[in-house]
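Okay, structure first, notes after.
The values are calculated or read from the model by the stated rules, or taken from the named source; none is laboratory data. These figures come from a predicted structure and were not determined experimentally. Ideal geometry is used to build each Cβ from the backbone, glycine not excepted, and the neighbour counts take in all protein chains shown.
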Amino acid sequence: MVREPQQDRSRATRQRLLEAAIECIADLGWSGSTVAGVAERAGVSRGAAQHHFPTREDLVTSAVEYVSAQRLAYLRAQAVDLPPGPERVRAVLALVERMYTSPLFRAAIHVWVAACADGRLRDRVMVLEAQVGRESHQTVLELLGVDESRPGVREAVQATLDLGRGLGLAHLLTDDTRRRRRVLDQWATMLSATLLTGEDE
């Protein structure tokens with residue numbers, strides 16, 4: 001029997017803990033997500049969990065960082081399959097919609113709310129969210145294939161992300177898929193007009 005190297009086992013344990021933390025936060029919220037509960041869900045001992053993440057703040061902020069990286073990697077991986085022209089805009093909006101209506105975003109919201117009342121957590125989350133915001137903006141620019149130096153493009157892309165975030169918040173309480181699709185269809189038309197006008201000039 002070939003033994004799994006210690007480093008690989010440690011890496012696998014860490015990933016299980018991160019994934020379990022996201023599931024716990026999405027299902028139970030911040031207050032219901034303890035290191036012990038996450039460890040149980042991940043199938044590891046509490047001691048093993050605390051070896052990787054000494055505090056709950058360490059675990060949660062690392063989990064949010066991990067998920068953000070996964071979301072961005074997913075967005076970038078879709079670029080090869082995007083159609084040209086206005087249909088590309090609609091396809092990118094669909095990706096943004098999925099990013100902000102996923103259980104991963106639900107977990108992030110719980111962390112944001114907790115950070116409002118916890119100064120240490122807030123400081124860590126604000127740094128992380130600033131980084132994620134910059135990377136998300138750059139990724140959407142790349143997916144759309146547009147030049148940010150053109151007037152209005154930066155603001156239009158930022159508005160797209162802000163819109164997606166707002167629609168994701170509304171989705172937390174109820175399934176408003178039909179209304180959301182109508183809003184996104186209208187925004188796709190407006191965004192296409194902004195991004196595609198003057199492309200060939």
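Taken over the stretch 143-167, the criterion of being acidic (Asp, Glu), within 17 Å of the chain's Cα centre (by Cα) and more than 28 Å from residue 60 (Cα to Cα) is satisfied by no residue. Given the structure, is residue 73 over 14 Å from the mean Cα position of the chain (by Cα), assigned to a helix (DSSP H, G or I) and of a type in the set (A, V, I, L, M, F, W, C)? No, not satisfied.
Within the stretch 1-59, the set of residues being assigned to a helix (DSSP H, G or I), among the charged types (D, E, K, R) and touching a helix residue (DSSP H, G or I) at 6+ places or on another chain (Cβ under 9 Å) comprises 14, 16, 19, 23, 27, 40, 41, 46, 56, 57, 58. Under the condition of being more than 11 Å from the chain's Cα centre (by Cα) and acidic (Asp, Glu), which residue from the stretch 106-138 is surrounded by the fewest Cβ atoms within 10 Å (Cβ to Cβ)? Looking at the filtered set, the residue picked out is 123.
Restricting 63, 42, 49 to those that are touching a Lys or Arg at 6+ places or on another chain (Cβ under 7 Å) and either under 13 Å from residue 14 (Cα atoms) or in contact (Cβ under 8 Å) with a residue 40 or more places away in the chain (or both) reduces the list to 42.
Among the residues of the stretch 125-143, are any farther than 30 Å from residue 33 by Cα and among the acidic types (Asp, Glu)? So far as the stretch 125-143 goes, yes, one or more of its residues are farther than 30 Å from residue 33 by Cα and among the acidic types (Asp, Glu). Whenever a residue of the stretch 100-122 is closer than 15 Å to residue 55 by Cα and in contact (Cβ under 8 Å) with a residue 24 or more places away in the chain, its partners that are of a type in the set (Asp, Glu) and surrounded by fewer than 21 Cβ atoms within 10 Å (Cβ to Cβ), lying with C-beta atoms within less than 6 angstrom and at least six residues away or across chains, give the pairs 121/57. The condition (being of a type in the set (S, T, N, Q) and within 14 Å of residue 191 (Cβ to Cβ)) is satisfied by just one residue among 160, 101: 160. The set of residues in the stretch 150-191 being of a type in the set (S, T, N, Q) and at pLDDT 90 or above consists of 158, 160, 186, 189.
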